[in-house]
1. State the number of residues belonging to the range 16-31 that are farther than 11 Å from residue 71 by Cβ and in contact (Cβ under 8 Å) with a residue 12 or more places away in the chain.
2. For the range 265-354, please list each of the strands (runs of 3 or more DSSP E) lying entirely inside it that holds at least 1 residues being closer than 27 Å to residue 241 by Cα and modelled with pLDDT of 90 or more.
3. Select from the range 441-467 the residues that are within 30 Å of residue 130 (Cβ to Cβ) and in contact with a helix residue (DSSP H, G or I) (Cβ under 6 Å, 6 or more places away or on another chain) and list them in ascending order.
4. Being in contact with a strand residue (DSSP E or B) (Cβ under 8 Å, 6 or more places away or on another chain) and free of Cβ contacts under 8 Å to residues at least 60 places away in the same chain is the filter here, so list the residues in the range 455-485 that pass it.
5. Can you tell me which residues in the range 23-53 are part of a loop (DSSP other than H, G, I, E, B) and in contact with a strand residue (DSSP E or B) (Cβ under 8 Å, 6 or more places away or on another chain)?
6. Among the numbered conditions (1) within 30 Å of residue 476 (Cα to Cα); (2) assigned to a loop (DSSP other than H, G, I, E, B), tell me where residue 163 comes up short.
7. With the condition kept exactly as written, say whether any residue in the range 292-309 is in contact with a helix residue (DSSP H, G or I) (Cβ under 9 Å, 6 or more places away or on another chain), under 28 Å from residue 225 (Cβ atoms), in the same structural domain as residue 460 (by TED's automatic domain parsing) and touching a residue at least 24 places away in the same chain (Cβ under 8 Å).
C-alpha cells in the first residue's frame with residue numbers, strides 16, 4: 001500500500017500525518033482520503049501541491065506500495081492558525097532577476113546552489129499568496145523554451161544574451177544585453193510593481209530597469225564581493241564597484257542574516273534603514289527527521305560513522321577541510337560522503353586536488369563522491385549522516401546547515417557569516433573558528449562519543465528549524481514590497 005503524507009493545515013483537518021492507501025494512482029489515493037476525512041479536507045485538496053517521492057506529480061501518475069505521496073497546502077510548514085495562511089493576496093507582479101542561474105537547475109551543479117532553491121521556493125510561496133512572479137534567466141542552452149510556467153503564478157522566461165556556454169566570469173560583459181531583453185519582454189506583459197534582483201550581476205540589470213521604468217528595486221546579494229575578498233578570495237573590481245552602486249540605489253536590500261546586514265553596513269556603508277533581514281526557509285515536507293539506519297540501508301551505506309558534506313566543489317565551501325577532518329578523526333572506520341559538483345576550470349582543478357587528498361587517506365577511511373541530488377534523495381543522505389560538516393570559508397546564510405537541522409542531524413560548521421546566526425554553538429550545533437582540521441575532528445569525536453549530547457543538539461536543531469519556512473520568507477518579502485510601494489524611490493547616492 002502506498003503512503004499518503006499530509007502536512008500543515010490539511011494534516012490538522014485529517015488529524016493524522018499519514019495514511020496507508022490501496023491505490024494504483026495518485027488520484028485514487030486522494031479520493032480515498034477525501035472519503036475518509038470529509039468535505040473540509042476535499043475542499044483544500046485543489047490548492048495543494050502534490051508530490052510523489054519528492055517530485056511534482058499528476059493525479060494520473062501511477063503509484064506502488066513503495067511510493068510516498070505528499071499533499072502540501074499553499075504555504076509549506078504552515079498551520080490553520082499560521083499568519084501566512086491568512087495573509088492578504090495582493091496581486092503584485094514581481095519581476096525576479098536571476099541572470100546567472102536558474103531555479104530549474106539542479107543545486108550543486110555548475111553555479112547552482114542555495115540561490116536556486118531560494119528563487120524557486122520564494123516565487124512559489126509568493127504565488128500562493130496571489131502574486132504573479134516572472135523570473136528572468138539568461139538562456140544558457142539553445143534547446144530551452146523561451147517561457148514556461150513552473151506553476152500557476154510563476155513563469156520562467158529565458159532571455160537571449162550572449163553565447164550560450166559562457167563562464168560565470170564572462171557574464172559581466174552581457175548584462176546590458178540581458179537588461180534589454182528583459183525590458184523588451186516586459187513591454188508585452190501586465191505592468192510590474194517590483195523588481196527583485198538576485199546577485200550582483202542581476203543587481204546591475206535591476207538598477208538599469210529601475211531608472212527606465214521608475215519602479216522600486218529590491219536586491220538580495222546572496223554573497224558579497226567584499227566579504228569574499230576578506231576571506232582570501234579576490235573579486236574583480238567591477239563587482240565591488242557595481243555592488244556599491246546597487247546598494248546606493250536599492251529601495252530595499254535583503255540580508256539573509258544579521259551578520260550579512262552588519263557586513264553590508266560596515267563594508268559598503270549601506271543605510272541600515274534600508275537593509276532588512278529576511279531569513280531563508282526550509283521545505284519541512286521534505287526535510288524532516290527519519291530513521292538513520294533505514295536511510296543508510298536504502299543508500300547502500302555502511303553501518304559506521306557517516307560524515308556528510310553537501311555543496312559545490314570549490315575552495316570557498318571547504319570540502320578539503322572535510323576530507324582532512326576525516327583523516328584526523330579518532331575512528332578508524334568512518335566514511336565521508338561528499339555530495340556536489342564542480343564548475344569551470346577552477347572547479348575542475350579543485351576537484352582533482354580533493355580527490356588526490358581522498359586517495360591518500362588510510363585504507364579504512366573512505367570518501368565517497370556523489371553527484372548533486374534532487375531534494376527528495378538529498379534528504380535521505382541527511383538522515384543517514386551522523387554529522388553534517390559545513391566548513392565554508394564564507395557563507396551568507398547556510399542553507400545546508402538549516403536542512404540538516406530540519407532532518408535532526410548535528411551540524412559542525414565554521415564560525416563565519418550567517419552560520420554564526422543560524423547555529424547556536426553547543427545547543428543546535430558546534431561552531432569552529434578557522435579551518436584547522438584537527439579542531440573539526442575534535443568536535444566530530446566529541447559528538448560521536450557522546451550520543452546523549454548529540455541527540456540533545458539534534459532535537460534542539462529540529463525545534464529551531466521549524467521556525468524557518470518559505471511561507472514566512474515570502475510573507476516578510478511581501479511586507480517589504482508593500483512598504484516600498486508607498487515610498488518615494490531612493491535616488492542613487
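The values are calculated or read from the model by the stated rules, or taken from the named source; none is laboratory data. Every value quoted in this text rests on a predicted model; they were computed, and no experiment measured them. Ideal geometry is used to build each Cβ from the backbone, glycine not excepted, and the neighbour counts take in all protein chains shown.
1. Number of matching residues: 7.
2. Qualifying strands (runs of 3 or more DSSP E): 275-277.
3. 465, the sole residue that qualifies.
4. 457, 461
5. 23, 24, 48, 53 - these are the residues of the range 23-53 that are part of a loop (DSSP other than H, G, I, E, B) and in contact with a strand residue (DSSP E or B) (Cβ under 8 Å, 6 or more places away or on another chain).
6. (1)
7. Checked against the condition, which is being in contact with a helix residue (DSSP H, G or I) (Cβ under 9 Å, 6 or more places away or on another chain), under 28 Å from residue 225 (Cβ atoms), in the same structural domain as residue 460 (by TED's automatic domain parsing) and touching a residue at least 24 places away in the same chain (Cβ under 8 Å), the range 292-309 yields at least one hit.
For every residue, the table says whether it meets (1) crowded, with 24+ Cβ neighbours inside 10 Å; (2) more than 15 Å from residue 290 (Cα to Cα).
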{"position": "377", "(1), (2)": "no, no"}
{"position": "406", "(1), (2)": "yes, no"}
{"position": "410", "(1), (2)": "yes, no"}
{"position": "415", "(1), (2)": "no, yes"}
{"position": "419", "(1), (2)": "yes, yes"}
{"position": "424", "(1), (2)": "no, yes"}
{"position": "429", "(1), (2)": "yes, yes"}
